[in-house]
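Notes follow the structure.
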Amino acid sequence: MSQDHLVRRQFGHRARLALSPAEVSKTDAQAHAARALWNLLHAWWQMMPKEKRTLADADAAIRQARRDIDFLAVLPAQAAQAVLKTYFQAWRNCWEGRADAPNFKGRFRTVMSVDIPQGRDLNITRVHRRWGMVNIPKVGRVRFRWTKDLPVGKRADAENRITGARLIKDALGWHIAFRVQTLEVKPGPHQGPDVGIDVGVTVPIALSDGETYEHGAWLTGKEKARLLHLEQRAARRKQHRRPGEPTSRRLHRTYDRIAGLRAKAKRRALDWQHKTTTVIARTYGTVVVEALTITNMVKSARATVEESGNNVAQKSGLNRSISGEAWGRTVTMLTYKTTRFGGTLHKVPAPNTSRRCSACGFTTPGSRESQAVFVCKNTGCGWSGNADHNAARNVLHLYRVGLALIPAAGRAVVRRAERVKPAAAR
């Protein structure tokens, strides 16, 4: 097969590690050493004059620090070099306006991680269908949960291989994120139908063809009660702590348990989003979504002692619900999954999609009778139906009349500005 029909794909795959207490201690020590090395490198950067802030000088400083400071020796040399490259890349991102300037990393605010830049150091093997083995430098051979076929062993070559990995610790324990590179057949144009998507809180995803995707609560009743109990316990212990007194180990353990339950809920939400977006990307050739500015939608309703504000508690609850649905993450998943299956994703302007009638094209006050029902108040129309499906049909209609947005200079612009015609004229 010619190279024109092949495409190189790079992606990450995260798997759970099964570490013994001794292996957890070693991995924690490496993560703390990597964080300390970052802080030392940042202090060196601030002290050095500009002409000496070079990669060679920083590399020499790191080598000297690893010889002088004993606890830095637990970090593999390749991981130390990865810290250096990451730090310099952070400054490049700052100079190019993509991020803020790098700063010191705190012990409790920073995600614990260790980089393994060389894929050949991993030596991955599959034990059976559920577990695999991977080599972690200065830790040893450890098991990880095998949930995806990886290019290892006879399946690995110059184009299909694992280029590196990163160890990451969250509230559920240590995980390993593989960096995978594969050469796949370029997908042809997707022959599926077009579909518009409306995202919401009551109905998470509603499609223009009448399909809906819903989910239940991410935590069970017992887990919610446990979370509430732990939050109340943490509030009581924090209340009895004196000003300036360090946080006790009991309070830290309570915080860890709270974080564990929240991480479990997030993991279930991610699983649902991945499965749902994969089904949509496989089924439809063109997916159209609203260009939502979520940061503006979740702005807090402010209130002071002098001015109490309006519906502050209700707005706070709505903000939590919007953040919990993670609409931006859903769009991100649809973006790369539709491309992988040969489809396309487009964005259209969001204003009035939920208030406009998809049958006559008019926006009449009072048509949105409730959260779930839309009844057009336009004389001569009177169309009624599900409000979410009505919004999804409007989203698809905006794309069909040429009002899709294209990115230009960091902002979205309308491809062709023309009056929105009634959906009945499609």
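Please treat every number below as a calculation from the coordinates, not as lab data. All values reported here derive from a predicted model rather than from experimental measurement. For neighbour counting, all protein chains shown are included, and Cβ atoms are generated from backbone atoms with ideal geometry for every residue, glycine included.
Listing for the model above:
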| item | result |
| --- | --- |
| Part-to-part distance (alpha-carbon centres) for the range 160-184 and the range 198-223, which is given in Å | 30 Å |
| Ratio of the Cα radius of gyration of the range 162-265 to 2.2 N^0.38 Å, where N counts its residues | 1.73 |
| Selection from G385, Q10, F341 lying farthest towards where the dipole of the chain points positive, charges on Cβ | Q10 |
| More than 15 angstrom apart: percent of Cα pairs within the range 1-56 | 73 percent |
| Helical mean residue ellipticity (222 nm; -39500 (n - 2.57) per DSSP H run of 4+; nearest 500) of the chain | -12500 deg cm²/dmol |
| Formal net charge of residues neighbouring T278 (Cβ-Cβ distance under 12 Å; K, R +1; D, E -1) | +3 |
| Loop-located trypsin sites (Lys or Arg not before Pro) in the range 135-234 whose Cβ has at most 16 other Cβ within 10 Å (DSSP) | K138, K148 |
| Cα-based equivalent ellipsoid of the range 318-393: semi-axis lengths in Å, sorted from largest, via gyration tensor | 29, 17, 9 |
| Over the range 1-186, relative contact order from alpha-carbon pairs under 8 Å, at least 6 apart, % | 34 percent |
| Charge sum, other residues only, whose C-beta stays under 12 Å from P137's C-beta, Lys/Arg counted +1 and Asp/Glu -1 | +2 |
| Semi-axes of the equivalent ellipsoid for the range 100-219, Cα gyration tensor, largest first, Å | 34, 25, 17 |
| Quotient of C-alpha Rg and 2.2 N^0.38 Å, computed over the range 194-345 | 1.34 |
| Along each principal axis, Cα extent of the range 1-186, largest first, Å | 53, 46, 28 |
| Too-long pairs where the Cα-Cα distance tops 27 Å, listed order kept, from K85/K275; K105/K169; K148/K264; K85/K169; K26/K105; K275/K347 | K85/K275 |
| Solution diffusion estimate, µm²/s, Stokes-Einstein, the chain, Kirkwood Rh from C-alpha pairs, 10 °C, viscosity 1.306 mPa s | 61 µm²/s |
| Angstrom value of the Kirkwood radius, inverse mean 1/r, which spans all Cα pairs in the range 42-130 | 15.4 Å |
| The range 81-133: trypsin sites (Lys or Arg not before Pro) falling in loop per DSSP and having at most 16 other Cβ within 10 Å | R98, K105, R107, R109, R129, R130 |
| The range 1-67 and the range 125-149: distance between their alpha carbon centers, rounded to Å | 22 Å |
| Residue (of L228, A58, Y399) at the positive-pole extreme of the chain, dipole from beta-carbon charges | L228 |
| Magnitude of the charge dipole, the range 121-192, Cβ model with Lys/Arg +1 and Asp/Glu -1, debye to 20 | 340 debye |
| Radius of gyration and maximum dimension Dmax of the range 142-190, Cα, Å | 14.0, 42 |
| Cα-centre dipole for the chain with unit charges at Cβ (Lys and Arg positive, Asp and Glu negative), debye to 20 | 1180 debye |
